[in-house]
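Undergrad: Pasting in a structure now, in structure tokens, and then I'll have a few things to ask.
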Amino acid sequence: MWLNDLCLTATGESYEKFFSSVVVNDDAQETLISTFFGKADACLVRRDFYLTAVELNTQIEARLEPVASSPGYPLFFVGMRRSVPEGLKQFFMADDTVDPKQPEWRHAFEMLRVRRINLTTPEDFKSLRELVERSDTRSAPSGILGKTATTSILDGK
């Protein structure tokens, strides 16, 4: 959704029309390496993955230039009923209680692919709400809302 919004804003075309082909790849390393070696013109990977890759290989930063970065979007939302006791809510949300480094929590954090759990407010979802509203007013390609585009290889025109 973010990539489509970026393309529509910059060019007036959906990402499917802007790029001659799009290959979805769940392996971020393979995606980045394909772009690094010129097999793809561009790639879309998570910021934390890119920064780690640059730390490990400074040639990546020399050869690949980030051209856009999305705002931080909440990846998922976990809701609790208002009737859940405050102590139980704090048990799940307190940084000093739920430590992803502790063996009893590590598996859950790895499975959910999160580094921490934070209490949220409606304001925390503002950037995501704005993106969805823009997408609703534009003609999004069919199926784009259900696709994961965080590790796509993109071949430009």
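Undergrad: What chymotrypsin sites (Phe, Trp or Tyr not before Pro) in region 1-74 are in a loop by DSSP, with at most 10 other Cβ atoms within 10 Å of the Cβ?
TA: Those that pass, being in a loop and sparsely packed, are F37.
Undergrad: Under a no-solvent Debye model with one identical scatterer per Cα of region 28-70, what's log10 I(q)/I(0) at q = 0.18, 0.23 Å⁻¹?
TA: -0.44, -0.74
Undergrad: Calculated FRET efficiency, E123 and V23, Cβ-Cβ r, R0 30 Å, to nearest 0.05?
TA: Efficiency, rounded to the nearest 0.05: 0.25.
Undergrad: Another question, then. Figure the gain on full extension for V132 and E65 (residue separation times 0.36 nm, minus the Cα-Cα span) and round it to one decimal in nm.
TA: Length difference between fully extended and current span is 21.4 nm.
Readers should treat all values here as calculations from the given coordinates under stated rules, not as data from a laboratory. Given the structure is predicted, the values throughout are model-derived calculations rather than measurements. Please note: Cβ atoms are built from the backbone with ideal geometry, for glycine as well, and neighbour counts cover all protein chains shown.
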